[in-house]
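Remarks on the structure that follows.
The values are calculated or read from the model by the stated rules, or taken from the named source; none is laboratory data. Predicted model, so just to flag it, every value in this text is computed and none were measured. With ideal geometry, Cβ positions are generated from the backbone for all residues, glycine too; neighbour counts draw on all protein chains shown.
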Amino acid sequence: MQSLLLSVDRLSTWIGKTFAWSSVALTLLISWEVFCRYVLNRPHAWVLDAQIMLYGALFMTAGAYTLSKNGHVRGDVLYGFFRPRTQAIFDLVLYLLFFLPGIVALTWAGWNYANESLAIREQTFSAEPLPLYPFKYIIPLSGFVLLLQGLVEIVRCILCIRDGQWPKREEDVEEVDVDKLKDMVNVHDADIAELDKVVTAKGGRS
């Protein structure tokens, strides 16, 4: 069971990190357009639409990735003080009441929305139109992956209620942990204190 949960986590992570390259494309596109507009005096009407679509793709595909890392913002003023089993009960109720209906509706409506766009070969309203329908398929794709990740989180809630502790997740990029950093470079508090004395002594002599 744990291997299946982690496999879905890896899928969400892979999709999120793949579409994260959209930020690089956005940076290059905006920089190029600024150069064209203010240096060459040749702006392009389609660039704004492309920027919006790239940002939308980046934003939507980040949902499942963030959920797989338990990174969504929650009002945890009280939640953080609960035992894991109590946390899991709260999460499970919220997933069933709010998450599942909303994400199922998003995926279903997004699929119909994208198909309608494809049927009419929808384009952006611009002097230099871009095809819009390929990007609209990102809506049901993001909804489906988010729904899949949500089901995994529901299973984690059930396992936590049963076992009294949260199942492990794969580690990912985290904020710098000073203690871990010290261990990595084999530096300890005593060494830092000794170095501080040496620096202070040299500063006093100067």
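Please go through the stretch 40-52 and give me each residue that is without any contact (Cβ under 8 Å) to a residue 60 or more places away in the chain and assigned to a loop (DSSP other than H, G, I, E, B), ordered by number. Scanning the stretch 40-52 gives Leu40, Asn41, Arg42, Pro43.
For the stretch 42-52: of the residues being surrounded by 15 or more Cβ atoms within 10 Å (Cβ to Cβ) and touching a helix residue (DSSP H, G or I) at 6+ places or on another chain (Cβ under 8 Å), which is farthest from Leu26 (Cα to Cα)? If we take residues in the stretch 42-52 being surrounded by 15 or more Cβ atoms within 10 Å (Cβ to Cβ) and touching a helix residue (DSSP H, G or I) at 6+ places or on another chain (Cβ under 8 Å), then His44 is farthest from Leu26 (Cα to Cα). Residue pairs whose Cβ atoms lie under 8 Å apart, separated by 6 or more positions or on different chains, with the first residue in the stretch 4-23 and assigned to a helix (DSSP H, G or I) and the second acidic (Asp, Glu), are Leu6/Glu170; Asp9/Glu170; Arg10/Glu170; Thr13/Glu170; Thr13/Asp172.
Checking the conditions here, which among Tyr55, Tyr65 is under 22 Å from the mean Cα position of the chain (by Cα), surrounded by fewer than 17 Cβ atoms within 10 Å (Cβ to Cβ) and not small (Gly, Ala, Ser)? Can you show your working first?
Working: Tyr65 fails: surrounded by fewer than 17 Cβ atoms within 10 Å (Cβ to Cβ).
Exactly one of Tyr55, Tyr65 is under 22 Å from the mean Cα position of the chain (by Cα), surrounded by fewer than 17 Cβ atoms within 10 Å (Cβ to Cβ) and not small (Gly, Ala, Ser), namely Tyr55.
From the list Arg74, Arg37, the lone residue that is in a helix (DSSP H, G or I) and at pLDDT below 95 is Arg37.
Has the stretch 54-71 got any residue that is without any contact (Cβ under 8 Å) to a residue 40 or more places away in the chain, over 18 Å from Gln149 (Cα atoms) and touching a Leu at 6+ places or on another chain (Cβ under 6 Å)? The answer is yes, given that some residue of the stretch 54-71 is without any contact (Cβ under 8 Å) to a residue 40 or more places away in the chain, over 18 Å from Gln149 (Cα atoms) and touching a Leu at 6+ places or on another chain (Cβ under 6 Å). Just so you know, in the stretch 87-138 the residues that are in contact (Cβ under 8 Å) with a residue 24 or more places away in the chain and in contact with a Lys or Arg (Cβ under 7 Å, 6 or more places away or on another chain) include one that is surrounded by the most Cβ atoms within 10 Å (Cβ to Cβ), and it is Ala114.
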